[in-house]
Amino acid sequence: MKIIIATQNPHKVEEIKEIAKLFNITGVEFSPIDKSLNFNPIENGTTFEENSIIKAKEANKLTKEYTLADDSGLCTEGLNGAPGIHSARYADSPQKRIDKLLANLKDSKNRKAKFVCAMTLISPKGEILFKSIGECKGEISYTQSGTHGFGYDPIFIVENTQKTMADMTEEEKNRLSHRSLALQKVFNYIQQEMNLPK
Ligand code: IMP
């Protein structure tokens, strides 16, 4: 079974492949959407779920294949959910986004936060087959730590660990990340409903 991942970011596809390997998922071939296609979804949803549906539908319109899209971001309690769906555009560079978040949270005693990932799987005919949400809870640190990962990883301390996501190896992160949790639900659906080998 072939599933087109609704992204032109090869890193995202690699991460999904790694997670599939970690959980022994076989029989699914994940591919990025072809670069030659004009994949330019307008992500104007108001939730992660809505944006993942928009991306998956757009990819399906262009490919007429099974498509899977994710939309993710970081939500902080102290800032009423910000940066949320605006995580990627919160500031102009990854470092500026971290600096802005730490500055905005400066006076807040409430450092609680969560990474959220919404995924949507669409059939070749364009029907929504399955939606899932994965959440990884933690808190925002006062200083950066770690060199792995990307985005807000260096300031996100994972619940029940003393580590930021950037302190974790790729495999450690892939076992507990919001993307992994959302994806595991998609894998369960595929295995149970689409008769894939377990
Ligand atoms: P998107 O789902 O590709 O639109 O990503 C949204 C943004 O959320 C990313 O650009 C990152 O800033 C942030 N983000 C999502 N997942 C992660 C993660 O696993 N680690 C760190 N930042 C993340």
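A few comments on the model shown:
- Per-residue ellipticity at 222 nm computed for the chain from its helices equals -10000 deg cm²/dmol, with DSSP H segments shorter than 4 residues left out and the rest contributing -39,500 (n - 2.57).
- Backbone N under 19 Å from the Asn160 label point (7 Å along Cα→Cβ), restricted to the range 82-120: 112-117
- Remark on Ile5: its backbone amide H falls under 5 Å from those of Ser31, Ile33, Leu68, a criterion applied only to residues 5 or more positions apart or on other chains, H modelled at 1.01 Å from N.
- When the chymotrypsin sites (Phe, Trp or Tyr not before Pro) in the range 1-76 are filtered for DSSP coil states and for at most 14 other beta-carbon atoms within 10 Å of their beta-carbon, the remaining sites are Phe23.
- Shape category assigned to the range 79-118 from the gyration tensor of Cα positions, a/c cut at 1.5: oblate
- Within the chain: Cβ-based charge dipole about Cα centre, in debye rounded to nearest 20 (Lys, Arg +1; Asp, Glu -1): 120
- Of the chymotrypsin sites (Phe, Trp or Tyr not before Pro) in the range 139-196, those whose Cβ has at most 12 other Cβ within 10 Å and which sit in DSSP loop: Tyr142, Phe150
- Counted charge near Ser93, where neighbours are those whose Cβ lies closer than 13 Å (Asp, Glu -1; Lys, Arg +1): +2
- Members of Lys96/Lys137; Lys64/Lys100; Lys55/Lys100 lying beyond 32 Å, as alpha-carbon distances in this model show: Lys64/Lys100
- When both the range 73-89 and the range 36-52 are represented by their alpha-carbon centers, they are found 18 Å apart.
- At a probe radius of 1.4 angstrom, the accessible area of the range 74-191 per residue rounds to 50 square angstrom.
- Using C-alpha pairs below 8 Å separated by at least 6 residues, the relative contact order for the chain is 19 percent.
- Within the chain, DSSP assigns beta bridges of which about 80% are antiparallel (rounded to the nearest 5).
- Relative contact order (%) - the range 87-192, alpha-carbon pairs under 8 angstrom, separation at least six: 25
The values are calculated or read from the model by the stated rules, or taken from the named source; none is laboratory data. The shown structure was predicted, so the numbers you read here are calculated from the model rather than taken from an experiment. Positions of Cβ are generated from backbone atoms using ideal geometry, with glycine treated the same way; all protein chains shown enter the neighbour counts. Heavy atoms of the whole protein, side chains included, go into the accessibility calculation; ligands, DNA and RNA do not. Shrake-Rupley method; radii C 1.70, N 1.55, O 1.52, S 1.80 Å.
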